[in-house]
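Visitor: Have a look at this one.
No lab work stands behind these numbers, since they all come straight from the coordinates. Computed from a predicted structure; not experimentally measured. FYI the Cβ positions are ideal-geometry reconstructions off the backbone, even for glycines, and counts take in every protein chain you see.
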Amino acid sequence: MLDGLKSWFCNFAQFSRALVTPEVLTDIPQPYAEFAIFSCIKGGEISSILGGLIIHPVYRYYLVRKLTPENTTNNSRKIIRNICRRIQGRCLLGGLAIGPIAGFIYIKCCNINEAELKEKCYRIRCHEQNMVWDRSSVAFGFLGWYWRRFQGAVNGISLALVYTILYFTVILIFHLIKISY
């Protein structure tokens, strides 16, 4: 494990809730590395949503509309689908690459010093909705990667968004109702 990221990993993975103590949450020895990881995950999430839910359908619609009977074959729609899936994967790669760069630019443009960045990292660690989305994005993204490489990772991250929305609307509400009875 990278030196200084053990407390971040304990909080992010939460293999054991006993390991996540207030001391671990406040221990942020490498705020720049932690913020770069956060920015990378957010860049991947945002680009997956853009690539999978916006760019892919719009571009697919455009290519299907551009088909004429003269240049249509039996595999035309399959070829279009594969082209659009490749675009999804490229969006994910772009987001993963641009995320840390955007985070660095944010730090420099806002003149954030190390103490302020530690406070920001602490707030990120304590934000439950954000952590659930990040954890599920990483988990579903890896499952999707195993299934269909980059295109599957994009689909997995999109599923993570759906899971997070369901978790904080339906599942959590049912859990609160169950506790109140």
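Visitor: Quick check for the range 6-180: number of Lys pairs with alpha-carbon distance under 26 Å, counting only pairs 8 or more apart or on different chains?
Guide: Qualifying lysine pairs in the range 6-180: 10.
Visitor: Report the extension gain between ILE112 and LEU25 in nm, rounded to one decimal, defined as 0.36 nm multiplied by the number of residues separating them, less their alpha carbon distance. Mind dumping the intermediate values first?
Guide: Details: separation 87, 0.36 × 87 = 31.32 nm, distance 2.02 nm.
In short, 29.3 nm is gained.
Visitor: Positive end of the dipole of the range 6-180, charges at C-beta (+1 Lys, Arg; -1 Asp, Glu), about the Cα centre: which of GLN129, LEU53, GLY94 has its Cα farthest in that direction?
Guide: Towards the positive end, the residue furthest out is LEU53.
Visitor: Work from the charge dipole of the range 101-166 (Cβ charges, +1 for Lys and Arg, -1 for Asp and Glu, about the Cα centre) and give the residue of VAL138, ASN155, TYR106 farthest towards its positive end.
Guide: ASN155
Visitor: Go through the range 1-96 and name the GluC sites (Glu not before Pro) that are in a DSSP coil and have 10 or fewer other Cβ atoms within 10 Å of their Cβ.
Guide: GLU70
Visitor: Ordered by residue, what ³J(HN,Hα) values in Hz, to whole numbers, does the range 62-67 give under the Karplus form 6.51 cos²θ - 1.76 cosθ + 1.60, where θ = phi - 60° and Gly and Pro are x?
Guide: 4, 5, 5, 5, 6, 5
Visitor: If you put +1 on each Lys and Arg Cβ and -1 on each Asp and Glu Cβ, how big is the dipole of the range 36-181 around its Cα centre, in Debye rounded to 20?
Guide: About 620 debye.
Visitor: Tell me, how many Å apart are the Cα centres for the range 58-72 and for the range 146-166?
Guide: The range 58-72 and the range 146-166 have Cα centres separated by 27 Å.
Visitor: Mind pulling the angle between the C-alpha long axis of helix 31-50 and the longest principal axis of the chain? Nearest 10 degrees, somewhere in 0 to 90.
Guide: 30 degrees
Visitor: Remind me, relative contact order of the range 6-180 in percent, using alpha carbon pairs under 8 angstrom and six or more residues apart?
Guide: Value for the range 6-180: 27 percent.
Visitor: Do the sum for the chain: with -39,500 (n - 2.57) for every DSSP H run of n ≥ 4, divided by all residues, what is the mean residue ellipticity at 222 nm, to the nearest 500 deg cm²/dmol?
Guide: Values: 8 runs with 139 residues, N = 181.
After summing the helix terms and dividing by the residues of the chain, the value is -26000 deg cm²/dmol.
Visitor: Mind pulling the angle between the C-alpha long axis of helix 128-166 and the longest principal axis of the chain? Nearest 10 degrees, somewhere in 0 to 90.
Guide: 40 degrees
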